[in-house]
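First comes the structure, then the notes that go with it.
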Amino acid sequence: MPTVVMAGRWPKGITMNQMIASNAPNAAAKSVNWTDKHYLVIDDCASIRQLLRESLRNMGAKSVDQATDGGEAIALISNKRYDVILCDYHLDGGRNGQQILEEARSNNLLNPSCIFVMVSAEKGADSVMGTAEYHPDAYLIKPITEGMLNTRLNRIWQKKQVFKSIDLAYARKDYAGAAALCDIQIVGNKLHENDLLRMKANLLLKCGDRDKARAIYENILCQRDCAWAKAGLARFYVQDGDYAGACQMLQHVIDGNSLYLEAYDQLAAAHKLLGQQEQAGTVLERAARLSPNSVARQKTLGEVSLGLGNVAAAEKAFRKCISVGEHSVSRTADPYFALARVCGIKKAPKEAMQILATVQKKFACAASDLRARITEGLVYLDNQDQRAAMVIADEFEAMLSAATAADLPSANICMDIATLLLEVGIKEPAVKLLCHIIQNNDDDKSVRDAVEKVFACAQMGDEGLVLIENARKEATDIMNRGVLLWKTEKLEVAVEWMRAARLKMPGNLRVLFNTAQILISHVQKRGYDPALLAEASEVLALIDRMAPGQPRHVELRLQLESIMPDPLAVGGV
């Protein structure tokens, strides 16, 4: 059967011979030559390391490195590219196996073809489910026989070869080429067709081809029930604003597969977008029972629980988040500040202050000092120390009087500052701060609900609703004016208008998207302008940091790349 590259796109860096070889029938029966490969065994038990090393050597391995803990393992992985890593889940003194895998993946320390096998005597659901979320290539329960290890590694290696060229194209950010390679591999590897289609859909999304990605999910669901296709389709529902449809689809996924943890997180997020905080909390609690060692999930559960007034559940989640995150690459200061606030609400100010002192040592920076001071003021308020809270509130009033919109922190921190100011009677700067939050998040219902709650707690419920609506209208009017100038070909004026809009609303995604679109259109219609191209690239990079994975970002990035000049032509070569 002839090889076909979809849409005429030949993957970069792939030769004809490589293409033919990669499309050969699956040769799972072939025995892998393990002699020339590099291995790392990570275990704190010398006898287990010795056993695994001998098993590997009996398979032909010559280069076998060893590590006794997470720190030593990460140091080795950072300096050498391994083909096979066998890692114990439970390690003394620091990172566990899950955290080693998480850090290695986050920092791109593993080759696409590297086999990462988690090894453990632990059969408990906590360990197995938690590790599964980070997708090791296998999870083997001790004791491990040489035959078991050999069979499993051979099977994984053969599968890795199917995906190797795709992974390499992905690493080069050649997403269209990687998607074409998926089609090629499907022809000769029907055994892995399901995984290849799933990968292709994700790659198409990265290319900005939403219609083809969606068609993959819909075609699969016409043929069979498939959890990942439903979850993929639910992401489209969310992007299209159909949050209720997303909730229904994701609930179907969970009903059919109660261990599909990704669907729980998606479902909770969809409920939050609908303003259904209680439902989001229920979903997260269930997911946390199945897999309690996710830092991100515990943090989100704590935040939702605290918002619902469930202080006990919030405290449990934040303490767990701190515990499991201590040696994780995902560790942040957020749960520490949240736990300090919980202690304040529980009338335990001494413990709250101890936590704040701890977080300032662990995360020493100006941002941590700022948040610690805000939290300290809120703890004073929770414990009726109005005078101490007023001192801190005065500091923030002075700070806000000199700050620009770009100087202001995130929405959650701004809400805490506004809460503190309103509680001590400093109204005007608090109202400005809350309106700033609304204008930068004008289409986010969960943010609007949170701001409404701040106003309600300050006995400003009706007035707050009017202020919120006026802030949203002002933001919409500003954006509509910019779009009108663009559509009427007043591009120079439109560019300046959107620059002013960015100064006023630096965190508003719609403002940023429209700014990038107008800058790109200016170059398309008025000609090459390196300053405008650089500005558009800067805006798109900011969007990607703030909200990665946005479909419109991909579309605009492709537009920008299409008008970028050839470097050789610009250089006069």
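The values are calculated or read from the model by the stated rules, or taken from the named source; none is laboratory data. It should be emphasised that the depicted structure is a prediction, and the values quoted were computed from it without experimental measurement. Here Cβ is always computed from backbone atoms with ideal geometry, including for glycine, and neighbour counts include all displayed protein chains.
Odds and ends about this structure:
- Index of the failed condition, residue 402 passing every other in (1) out of contact with any helix residue (DSSP H, G or I) (no Cβ under 9 Å at 6 or more places or on another chain); (2) at pLDDT 95 or above: (2)
- Only listed residue being within 20 Å of residue 101 (Cα to Cα), in contact with a strand residue (DSSP E or B) (Cβ under 9 Å, 6 or more places away or on another chain), modelled with pLDDT of 85 or more and among the basic types (Lys, Arg), chosen from 164, 160: 160
- Segments classed as helices (runs of 4 or more DSSP H), wholly inside the range 467-573, with at least 3 members that are farther than 30 Å from residue 209 by Cβ and free of Cβ contacts under 8 Å to residues at least 24 places away in the same chain: 491-504
- Filtered residue count, the range 69-95, keeping only those that are over 21 Å from residue 152 (Cα atoms) and touching a His at 6+ places or on another chain (Cβ under 6 Å): 2
- Set 237, 217: member being in a helix (DSSP H, G or I), aromatic (Phe, Trp, Tyr), outside the structural domain of residue 556 (by TED's automatic domain parsing) and surrounded by fewer than 20 Cβ atoms within 10 Å (Cβ to Cβ): 237
Residues are listed down the side, and each one gets a yes or a no for (1) within 18 Å of residue 445 (Cβ to Cβ); (2) over 18 Å from the mean Cα position of the chain (by Cα); (3) touching a residue at least 60 places away in the same chain (Cβ under 8 Å):
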site	(1), (2), (3)
268	yes, no, no
281	yes, yes, no
295	no, no, no
300	yes, no, no
310	no, yes, no
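- Scan the range 44-67 for residues that are over 20 Å from residue 147 (Cα atoms) and at pLDDT 95 or above and the total you get is 3.
- Of the criteria (1) part of a strand (DSSP E or B); (2) at pLDDT 95 or above; (3) under 16 Å from residue 136 (Cβ atoms), which one residue 118 fails: (2)
- Residue match in the range 321-329 (condition: at pLDDT 95 or above, out of contact with any strand residue (DSSP E or B) (no Cβ under 8 Å at 6 or more places or on another chain) and assigned to a helix (DSSP H, G or I)): yes
- Enumeration of residues in the range 411-437 that are on the phi < 0 side of the Ramachandran plot, outside any helix (DSSP H, G or I) and without any contact (Cβ under 8 Å) to a residue 40 or more places away in the chain: 426, 427
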